[in-house]
Amino acid sequence: MAKWLDATVTENKHWHANLFSVKLKTAGFDFTAGQFVRLAIETADGRKQRAYSLVNSPGAEDQEFLISTVADGLLSPLLQQLKMGDKLQLSQPASGFFTLDEVPDGDNLWLISSGTGIGPYLSMLGTTQLWQRFDHVILVHSVRTSADLVYRDFIEQQQLQYPGKLHYQAIVTREAHSGALNKRLPELISSGELQRACNQKLDTQSQVMICGNPAMITDTRAQLESMGLVKNLRRTPGNITVEQYW
């Protein structure tokens, strides 16, 4: 049964008007990179709660979440307004199976995301398990505008720590941005443009994790399946592991 921990805001970083990262101080707890918890705020109308994936890696001092503000959302507008020292609650234990433990071995690992779907991958990048299992990790982040390309400093730090192992490719669909591709993910994969940009193969010997909006997941998965990759299930291991983020 889930229980609730008290949490205190230590930072609320606004990337832009509709995207922010909130850090929380709580009593220590265990989770696996890729899992999620529920955040909750008590209001006059009762407790408002929603599930969010952890961005920080296990063992970090604070728990961190990347959140997109939905104008008429139940909780995100309230979370966006939080200031240092404000109180809320966080559920335990963490939940979810979008973790490296569920992914079979492969020649390389593609971490494909859209929007805030990059969150679970940021948590994985800070673990030793990822780098022990895969020689090449390709992080792909598809967003609408360049302002949505978050955590670039952290990604660059990981590239320096694991030279030649972490490959990062941004995709910006609604404007031109230096170094970024600007087409939809299925088209980039179908044409081979994404693979060439990353200098990595994407085939039946690869493992692929996909996290983001449902349309992106559906279309990208269909493209991968047309190339012979299959969905990964516990009873029948495959290549494609998905997390529908909203």
Next on the checklist: I need to check one value: relative contact order of segment 3-92, counting alpha carbon pairs closer than 8 Å and at least 6 residues apart, in percent.
Outcome noted: 40
Checklist entry - What are the lysines whose alpha-carbon lies under 27 Å from the alpha-carbon of Lys83, with same-chain residues fewer than 8 places away excluded? => result Lys3, Lys13, Lys23, Lys25, Lys48
Checklist entry - In degrees, nearest 10, range 0 to 90: what is the angle between the Cα axis of helix 152-161 and the longest Cα principal axis of the chain? => result 60
Checklist entry - In whole percent, what relative contact order does segment 100-244 give with Cα contacts below 8 Å and a gap of six or more residues? => result 27
Next on the checklist: Using only Cα atoms and rounding to the nearest 10 degrees, what angle (0 to 90) does helix 214-226 make with the longest principal axis of the chain?
Outcome noted: 20
Item to check | Sorted by Cβ neighbour density within 10 Å, fewest at the top, the residues Tyr162, Tyr52 | outcome: Tyr162, Tyr52
Checklist entry - Ignoring the sites themselves, what is the longest stretch of the chain with no trypsin sites (Lys or Arg not before Pro) in a DSSP loop and at most 11 other beta-carbon atoms within 10 Å? => result 84-173
Checklist entry - What Kirkwood radius, in Å to one decimal, follows from the Cα pairs of the chain? => result 18.6
Checklist entry - What FRET efficiency, computed as 1/(1 + (r/R0)^6) with R0 = 25 Å and r the Cβ-Cβ distance, is obtained for Glu156 and Val70, rounded to the nearest 0.05? => result 0.25
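Taking Rh as the Kirkwood radius computed over C-alpha pairs, what is the Stokes-Einstein D of segment 3-92 at 4 °C in a medium of viscosity 1.567 mPa s, expressed in µm² per second? Let's see the in-between values first.
Details: Rh = 13.1 Å.
Calculated translational D: 99 µm²/s.
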Next on the checklist: Please list, ordered by chain and number, the residues whose modelled amide H lies under 5 Å from the amide H of Lys231; skip anything fewer than 5 residues away on the same chain.
Outcome noted: Asn239, Ile240
Next on the checklist: With only alpha-carbon atoms in the gyration tensor, what are the semi-axes of the equivalent ellipsoid for segment 136-246, in Å, largest first?
Outcome noted: 23, 17, 14
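With a cut-off of at most 16 other beta carbons within 10 Å, and DSSP calling the residue loop, which GluC sites (Glu not before Pro) in segment 145-246 qualify? Please list them. Mind showing how you got there, number by number?
On the way: sites: Glu156, Glu175, Glu187, Glu193, Glu225, Glu243; in loops: Glu175.
Listed in order of number, the matching sites are Glu175.
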Next on the checklist: For segment 13-33 and segment 172-246, what is the centre-to-centre distance using only Cα atoms, to the nearest Å?
Outcome noted: 26
Next on the checklist: Under 10 Å, Cα contacts only: if you run a Gaussian network model on the chain, which one of Gln132, Gln92, Gln169 comes out with the highest mean-square fluctuation?
Outcome noted: Gln132
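Taken together, the values in this text are just the output of simple stated rules run on the coordinates, not laboratory data. From a predicted model like this one, the values you see are computed outputs, not experimental measurements. Heads up, the Cβs are rebuilt from the backbone with ideal geometry, glycines too, and the neighbour counts pull from every protein chain shown.
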